[in-house]
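Trainee: Please see the structure below; I have some questions.
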Amino acid sequence: AQTVTQSQPEMSVQEAETVTLSCTYDTSENNYYLFWYKQPPSRQMILVIRQEAYKQQNATENRFSVNFQKAAKSFSLKISDSQLGDTAMYFCAHPTNAGGTSYGKLTFGQGTILTVHP
Amino acid sequence: GAVVSQHPSWVICKSGTSVKIECRSLDFQATTMFWYRQFPKQSLMLMATSNEGSKATYEQGVEKDKFLINHASLTLSTLTVTSAHPEDSSFYICSARDLANIQYFGAGTRLSVL
């Protein structure tokens, strides 16, 4: 069974600084995706970034980047130049590639509440 | 990114009544949609997978007769909470999966059962 673990329940960072959120996962698949979603106080889930396992290059989206270590099954999210609007709960997620009705089913981590202080 | 609309955003109902929540993919077709439940400051708990034109697949422990799911078209899935009780009060979120296997989420529905 797939598992996703986020070991940091809460983190805080000063505005303009950099913060890294950790995520580890377990899977028997060789080719797969990994995602980071954010859920701000509005509770709307927003896709932040995604990584394809067969790509060695780490994904980057503006101030957001990942450190993907496939062998270690680690997928951390780095937020540079943190902004007040980054305050949210962040979820690491891994979809199954299994066929049938399980295809695309997401396994979420427990979430990390990030607070950006002015 | 793709847009998923969820309606209503907040509903209050009396115990024993039924409530229907709609989830629509606005700019893409979704053969698969998902329904989640979330408690405050916790992760999303998958309730069921909704497949267009077929029966939904429910997760273990989720009552099929309590949470009715219908996915009659490629852009619409509905969740009906039947005979709602106060313990059903929660935040319900839907998502729709696109061809790239990315899930896009609705804004959620806060259900309060009195």
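All of the numbers you see were taken from the coordinates with simple rules; none came from a lab. Because the structure is predicted, anything quoted here is derived from the model rather than measured. As a convention, Cβ positions derive from the backbone with ideal geometry for all residues, glycine included, and neighbour counts pool all protein chains shown.
Trainee: Nearest 5 is fine: what % of DSSP beta bridges in chain B come out antiparallel, could you say? Intermediate results must be reported in sequence, preceding the final value.
Mentor: Values: 36 of 40 bridges.
Here the antiparallel bridges make up roughly 90 percent for chain B.
Trainee: Given Cβ point charges of +1 (Lys, Arg) and -1 (Asp, Glu) and nothing else, what value in debye, to the nearest 20, does the dipole of the protein assembly as shown about its Cα centre take? Could the numbers behind the result be given before it?
Mentor: Working: 19 positive and 18 negative charges, 53 e Å.
Here the size comes out at about 260 debye.
Trainee: What are the GluC sites (Glu not before Pro) within segment B:54-94 that DSSP puts in a loop, where the Cβ has at most 15 other Cβ atoms within 10 Å? Kindly include the intermediate steps, with their values, before the conclusion.
Mentor: Values: sites: B:Glu59, B:Glu63, B:Glu87; in loops: B:Glu59, B:Glu63.
Within segment B:54-94, the qualifying GluC sites (Glu not before Pro) (loop, at most 15 other Cβ atoms within 10 Å) are B:Glu59, B:Glu63.
Trainee: What Kirkwood radius, in Å to one decimal, follows from the Cα pairs of segment B:50-114? Write out the running numbers ahead of the final one.
Mentor: On the way: mean 1/r = 0.0761 Å⁻¹.
Every distinct Cα pair counted, the radius reaches 13.1 Å.
Trainee: Further question on the same structure: Give me the mean projected area, in nm² to one decimal, of the convex hull enclosing the Cα positions of chain B. Numbers along the way, then the final one.
Mentor: Values: hull surface 26.9 nm².
Spelled out: convex hull of the Cα atoms, projected over all directions, averaged, 6.7 nm².
Trainee: Hey, another quick one. Work out the length of the dipole vector of segment B:10-71 about its Cα centre, built from +1 on the beta-carbon of each Lys and Arg and -1 on the beta-carbon of each Asp and Glu, and round it to the nearest 20 debye. Working shown, then result.
Mentor: On the way: 8 positive and 6 negative charges, 50 e Å.
The calculation lands at about 240 debye.
Trainee: What does the charge dipole of chain B about its Cα centre add up to, to the nearest 20 debye, if the Cβ of each Lys and Arg holds +1 and the Cβ of each Asp and Glu holds -1? Numbers along the way, then the final one.
Mentor: On the way: 10 positive and 9 negative charges, 37 e Å.
The dipole magnitude comes to about 180 debye.
Trainee: Whole percent per 5 Å bin, from 0 to the bin with the longest distance: what is P(r) over all C-alpha pairs of chain A?
Mentor: Calculated over all Cα pairs of chain A, the distribution is 2, 12, 23, 24, 19, 11, 6, 2, 1, 0 percent.
Trainee: Another one. So for chain B, taking the charge dipole from beta-carbon charges (+1 Lys/Arg, -1 Asp/Glu), which of B:Gln42, B:Ser73, B:Ser15 sits furthest toward the positive end?
Mentor: Value: B:Ser15.
Trainee: Could you pull out which residues in segment B:20-37 have an amide N less than 17 Å from a spot 7 Å beyond the Cα of B:Ser54, following the Cα-Cβ vector?
Mentor: Label zone hits: B:30-35.
Trainee: Turning to a different aspect of this structure: Take every Cα pair under 8 Å in segment B:1-113 that's 6+ residues apart, average their separations, divide by the length, and report that relative contact order as a whole percent. Display every interim value, and only then the final one.
Mentor: Details: 282 pairs, mean separation 41.5, N = 113.
Normalised by residue count, the contact order of segment B:1-113 is 37 percent.
Trainee: Considering only DSSP beta bridges where both residues belong to segment A:5-118, give the percentage that are antiparallel (nearest 5).
Mentor: Details: 30 of 35 bridges.
Just about 85 percent of them are antiparallel.
Trainee: While we're looking at this one, here's another question. Count the lysine pairs in chain B whose Cα atoms lie under 23 Å apart, taking only pairs 8 or more positions apart in sequence or on different chains. Numbers along the way, then the final one.
Mentor: Values: B:Lys14/B:Lys64; B:Lys14/B:Lys66; B:Lys20/B:Lys55; B:Lys20/B:Lys64; B:Lys20/B:Lys66; B:Lys55/B:Lys64; B:Lys55/B:Lys66.
So the count of such lysine pairs works out to 7.
Trainee: Springs between alpha-carbon pairs under 10 angstrom, Gaussian network model over chain A: which of A:Ser74, A:Ser28, A:Ser82 fluctuates most?
Mentor: In the Gaussian network model the winner is A:Ser28.
Trainee: Any cysteines in chain B with zero other Cys Cβ atoms under 4.7 Å from their Cβ? List them, or say none.
Mentor: B:Cys13
Trainee: At a temperature of 4 °C and a viscosity of 1.567 mPa s, determine how fast the protein assembly as shown diffuses translationally according to Stokes-Einstein, using the Kirkwood radius over alpha-carbon pairs as Rh; express D in µm²/s, rounded to the nearest whole number.
Mentor: Values: Rh = 18.3 Å.
The Stokes-Einstein estimate is 71 µm²/s.
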